[in-house]
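A.B. asks: Would you mind keeping the following structure in view while I ask a few things?
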Amino acid sequence: MNIPNKLTVVRVIMVPFFVAAFLMDSDWAALALFVAAGLTDTLDGMIARKYNMVTNFGKLMDPLADKLMVMAALVCFTYAGIVHPGVTIVILAREFLVTGLRALATTNGKVIAADIWGKLKTVSQDVG
């Protein structure tokens with residue numbers, strides 16, 4: 001497994017730690033984990049493209065890791081009353097739909113990688 005893929009796996013592993021920190025009212029720890037996840041996302045993409053380490057695993061798991069972190073944050077924010085449940089439902093439905101379509105494409109031997117619009121959406125969600 002190459003370095004970008006390891007960073008993606010680390011990002012997935014960070015999700016339950018983010019949720020735990022949030023639920024324990026460790027706001028700074030939760031923020032640090034969320035920011036670290038965003039930085040590893042940027043770093044793994046830069047490394048993968050610069051050193052031609054783009055893999056099918058990365059094309060599939062990188063966007064999934066992003067979705068897991070964003071979905072976890074939205075659910076936590078909804079639980080805390082920060083985000084309206086309707087907003088969370090709409091965003092989660094869209095994320096599940098896109099992930100499902102990617103999984104369906106994979107069963108047909110096609111990998112749908114994130115494009116620039118997906119990356120911009122992720123950045124705007126992370127900042128939000």
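The values are calculated or read from the model by the stated rules, or taken from the named source; none is laboratory data. What you see is a predicted model; the values in this text were computed from it and never measured. Neighbour counts are summed over all protein chains in view; Cβ atoms, including those assigned to glycine, are modelled from backbone coordinates with ideal geometry. Surface areas here come from the heavy atoms of the whole protein model, side chains and all, with no ligands, DNA or RNA. Shrake-Rupley method; radii C 1.70, N 1.55, O 1.52, S 1.80 Å.
A.B. asks: Could you check how many residues of the range 13-28 are surrounded by 14 or more Cβ atoms within 10 Å (Cβ to Cβ) and touching a residue at least 40 places away in the same chain (Cβ under 8 Å)?
C.D. replies: 5
A.B. asks: Conditions: (1) modelled with pLDDT of 90 or more; (2) of a type outside the set (Val, Ile, Thr); (3) at positive phi. MET71 meets all but one. Number of the miss?
C.D. replies: Single failed check for MET71: (3).
A.B. asks: Across the range 69-97, what is the total count of residues that are touching a residue at least 12 places away in the same chain (Cβ under 8 Å) and under 23 Å from VAL9 (Cβ atoms)?
C.D. replies: Looking only at that region, the number is 10.
A.B. asks: Continuing with the same structure: From the list ILE82, ILE91, ILE112, which one is among the hydrophobic types (A, V, I, L, M, F, W, C) and open to solvent by 100 Å² or more (accessible area, probe 1.4 Å)?
C.D. replies: Matching residue, one of ILE82, ILE91, ILE112: ILE82.
A.B. asks: So which residues in the range 1-32 are at pLDDT 95 or above, within 30 Å of ASN52 (Cβ to Cβ) and not basic (Lys, Arg)?
C.D. replies: ASN2, ILE3, PRO4, ASN5, LEU7, THR8, VAL9, VAL10, VAL12, ILE13, MET14, VAL15
A.B. asks: While we're on this one: Restricting attention to the range 36-55, report how many residues are exposed (fewer than 12 other Cβ atoms within 10 Å of the Cβ) and touching a residue at least 12 places away in the same chain (Cβ under 8 Å).
C.D. replies: Going through the range 36-55 one residue at a time, the tally reaches 0.
A.B. asks: Being free of Cβ contacts under 8 Å to residues at least 40 places away in the same chain, in contact with a helix residue (DSSP H, G or I) (Cβ under 8 Å, 6 or more places away or on another chain) and not aromatic (Phe, Trp, Tyr), is that true of even one residue in the range 60-68?
C.D. replies: Yes, the range 60-68 contains at least one residue that is free of Cβ contacts under 8 Å to residues at least 40 places away in the same chain, in contact with a helix residue (DSSP H, G or I) (Cβ under 8 Å, 6 or more places away or on another chain) and not aromatic (Phe, Trp, Tyr).
A.B. asks: Of LEU33, LEU7, which residue is open to solvent by 30 Å² or more (accessible area, probe 1.4 Å), in contact with a Phe, Trp or Tyr (Cβ under 7 Å, 6 or more places away or on another chain) and not polar (S, T, N, Q)?
C.D. replies: LEU33
A.B. asks: Here are some conditions: (1) open to solvent by less than 70 Å² (accessible area, probe 1.4 Å); (2) acidic (Asp, Glu); (3) at pLDDT 95 or above. ASP62 meets all but one. Which one does it not meet?
C.D. replies: (3)
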